[in-house]
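The values are calculated or read from the model by the stated rules, or taken from the named source; none is laboratory data. Just so you know, these numbers come straight off a predicted model, no measurement behind them. Neighbour counts run over all protein chains shown; Cβ positions are idealised from the backbone, glycine included. To get the accessible areas, we keep the full protein, side chains included, count just its heavy atoms, and leave off ligands, DNA and RNA. Shrake-Rupley method; radii C 1.70, N 1.55, O 1.52, S 1.80 Å.
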Amino acid sequence: MESIEESVKIGLEVHTQLTSLKTKLFCNCPSDYRGREPNTLVCPVCLGLPGSLPVLNKKAVKYAIMAALALNCQISEEMIFFRKNYYYPDLPKNFQITQYDRAGGAPLAVNGYLYIEDQGYRKKIRISRVHLEEDPGRLVHVGPIDQSPYTLVDYNRSGVALLEIVTEPDLKSPKEARIFLQKLRNILEHLGIFDGSLEGSMRCDANISLAGGTRVEIKNITSFKEVERALNFEIIRQKGLVEKGITVKRETRHWDEIRRITVSLRTKEEEQDYRYFPEMDLAPILISKSFIEEVKAEMPELPEERIERFMKMYGLPKYDAEVLVSSKSLADFFEECIKLHDKPKEISNWMMSDLLRYLYENNIELYESKITPQKLVDMIRLIEEGVISGKIAKKILPEIIVSGKEPREIVKEKGLIKIMDEDLLNKLADEVFAENQKAVRDALIDDKAIHYLIGQLMRLTKGKADPNIANKIIREKIQKIREKELRKNA
Amino acid sequence: MKAPETMREKWIIKEEVERIAQLAHIELTEEEKEVFTEQFNRILEFFRKIDEVDTRSIPPMYHVLDIVNVYREDEVGETLPKEGVLENAPKKEEQFFKSPKIV
Ligand SMILES: [Zn+2]
């Protein structure tokens, strides 16, 4: 029998804003609402004033087709918008313009798929549909949501174009869900239609079921970092119920990011009935073969093609190319570096090892750090010019990432310039020899002890000694002692 | 639908009117519920008339005008002046609309 963990089935409903659009989905209002004064990017259409008429943004359709093609979907010949009715202050019209797959409605695209990879194995995740809809407004609560005496509403976000992407329940773990979202983000970013670094640009709902239970929906997962957390919590909760012999009931739960738990949102009696019907204010959209061909011709390079190119153009191994192209910002960073300094292998090595490790360990993304291609290249040049050792570079890299300071400045400020002065290193080596007389005797016959002495010299100089010179000086000194001993014995 | 047409005396019963009122976030008095039940049934009776026409061979119509592909370009236009936006709002606070609490 399969274990409870093996029986996990997860489906995702992802909402991504088409952040590259200049205007909203159905009106000319600017869509860059972040950080703007509330209710200043609105018009009669996105405020739902009587008599206003929505008109579809052509570029939004084009972008949505691009996404559908990249997700291997079948694109509908005719697409229709529907009204989804519910009363909530984030919707000024009391309905959301969206698409529907029943009642004769056809979403923009259906039946797609995406392959995800986890530890070397490839898995197909089916995508049931991709469609366009409008984003609701933003609600501001006074204090915690359940204690707020009233709600403030900002409609600047109202009407911003959203792409809804729905998967079949093909994901088997929270980790797979995260990998799927990262892959999706990477594709949408490569298409140039989406920027995942903008706050709230990708949100998702998840449905999850375990053996012996029913499907539970989780709403309000506001970033793809949260998805794994929310699903892990839900598995533990449902498993606990099953083990106690309690049936998991079908319900909608809300992910509370702060308390990191899911809470029951609606009971059956409060279940919504959206009473979908066609949106008569919008004419049907016929998507012709020639329009699709036109979009195809304009499709930018996708991650898979970029991986191939990285291998061919820069001579990178497949694994390295895959890691570098795992996010668009990382791949762009790499190529910016190459433009400044044509040393793909060195740049790839620094990015793959120290830079990525630091970002991973501190759970930050490249765009959240202060390092720039110019700064990484400057650091590599300092090594090539012999100003610092590779060891010192490893030490200063975190500071470049965190503070964004110029590598040359950090080196100067901290006095980290490599010591190449042989006289000075000779004097310091004398000190090392005086303090480690036993090691010096051992070094006459044992190479290990020589390495120990070199290590001591490096330590004394806090890693600043040029390793080659340090090596040379120590060996010369030992050799001199050996010769002296020989002469003495002769 | 809960029962075949011929077996149903009424199209809609009071409980369904209550459900619709709940979805619309409005409160109805007992009298109003009676009135609306009666009126809803009359409206639906009209649709029964329309249903008599055989439309099986006719594709559904989604728009009253014979137009398709009405688009606009992605170009920024005029937004409402800041003072105008909240002019009709029954309640406001600073530059926000104010609504009753939601949970
Ligand atoms: Zn608008």
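Within the range A:440-490, how many Lys pairs that are eight or more residues apart, or on different chains, come under 17 Å at the alpha-carbon?
Details: A:K448/A:K472; A:K448/A:K477; A:K464/A:K472; A:K472/A:K480; A:K477/A:K488; A:K480/A:K488.
Step by step, the pairs that qualify in the range A:440-490 add up to 6.
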- Item | Under 26 Å from the Cα of A:K296 - lysines, other chains or at least 8 residues apart | A:K22, A:K24, A:K58, A:K59, A:K62, A:K123, A:K124, A:K183, A:K312, A:K328
- Query: Which is the longest run of chain A containing none of the trypsin sites (Lys or Arg not before Pro) found in DSSP loop states (not H, G, I, E, B) with at most 11 other C-beta atoms within 10 Å?
  - Reply: A:260-490
- Message: I'd like the carbon and sulfur percentage of the solvent accessible area for the range A:21-118, probe radius 1.4 Å, heavy atoms only, ligands and nucleic acids excluded.
- Response: 46
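Once every DSSP H run of n ≥ 4 in the protein assembly as shown is given -39500 (n - 2.57) and the sum is divided by its residues, what mean residue ellipticity at 222 nm do you get, rounded to the nearest 500 deg cm²/dmol? Don't skip to the answer; put the middle values down first.
Numbers: 19 runs with 231 residues, N = 593.
Rounded to the nearest 500, the figure is -12000 deg cm²/dmol.
Loop-only check: which GluC sites (Glu not before Pro) in the range A:60-138 are DSSP coil with at most 12 other Cβ within 10 angstrom? All intermediate terms of the calculation are to be shown ahead of the outcome.
Numbers: sites: A:E77, A:E78, A:E117, A:E133, A:E134; in loops: A:E77.
Hits after loop and neighbour filter: A:E77.
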- Query: Name the residues of the range A:151-165 whose accessible area, probed at 1.4 Å, falls by at least 10 Å² once all protein chains are in place instead of their chain on its own?
  - Reply: A:T151, A:L152, A:V153, A:Y155
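Pairs of Cα atoms under 8 Å, at least six residues apart: use those to get the relative contact order of chain B, whole percent. Don't skip to the end; give the middle numbers.
Values: 27 pairs, mean separation 17.0, N = 103.
This gives 17 percent for chain B.
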- Query: How many Å² of accessible area per residue for the protein assembly as shown, probe 1.4 Å?
  - Reply: 54
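Counting other Cβ atoms within 10 Å, which GluC sites (Glu not before Pro) in the range A:293-329 have at most 15 and lie in a DSSP loop? Mind showing how you got there, number by number?
On the way: sites: A:E293, A:E294, A:E298, A:E301, A:E304, A:E305, A:E308, A:E322; in loops: A:E298, A:E301.
Loop-located and lightly packed - A:E298, A:E301.
Would you kindly state the longest site-free stretch of chain B, with sites defined as GluC sites (Glu not before Pro) in a DSSP loop (not H, G, I, E, B) surrounded by at most 16 other Cβ atoms within 10 Å?
For GluC sites (Glu not before Pro) (loop position, at most 16 other Cβ atoms within 10 Å), the longest site-free span of chain B is B:28-51.
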- Task: Mind pulling the angle between the C-alpha long axis of helix A:422-435 and the longest principal axis of chain A? Nearest 10 degrees, somewhere in 0 to 90.
- Result: 80
- Expressed as a whole number of Å, what is the distance separating the alpha-carbon centroids of the range A:300-343 and the range A:21-52? 38
- Query: In Å² (nearest 100), what accessible area is buried between A and B, both sides summed, heavy protein atoms only, 1.4 Å probe?
  - Reply: 4100
- Note on the structure: Between the Cα axis of helix A:303-314 and the main Cα principal axis of chain A, the angle (0 to 90°, nearest 10) is 20
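Percent of accessible area on the range B:6-103 owned by carbon and sulfur, 1.4 Å probe? The partial results should precede the final answer.
On the way: 4540 of 8000 Å².
Using a 1.4 Å probe with all protein chains present, the range B:6-103 comes out at 57 percent carbon and sulfur.
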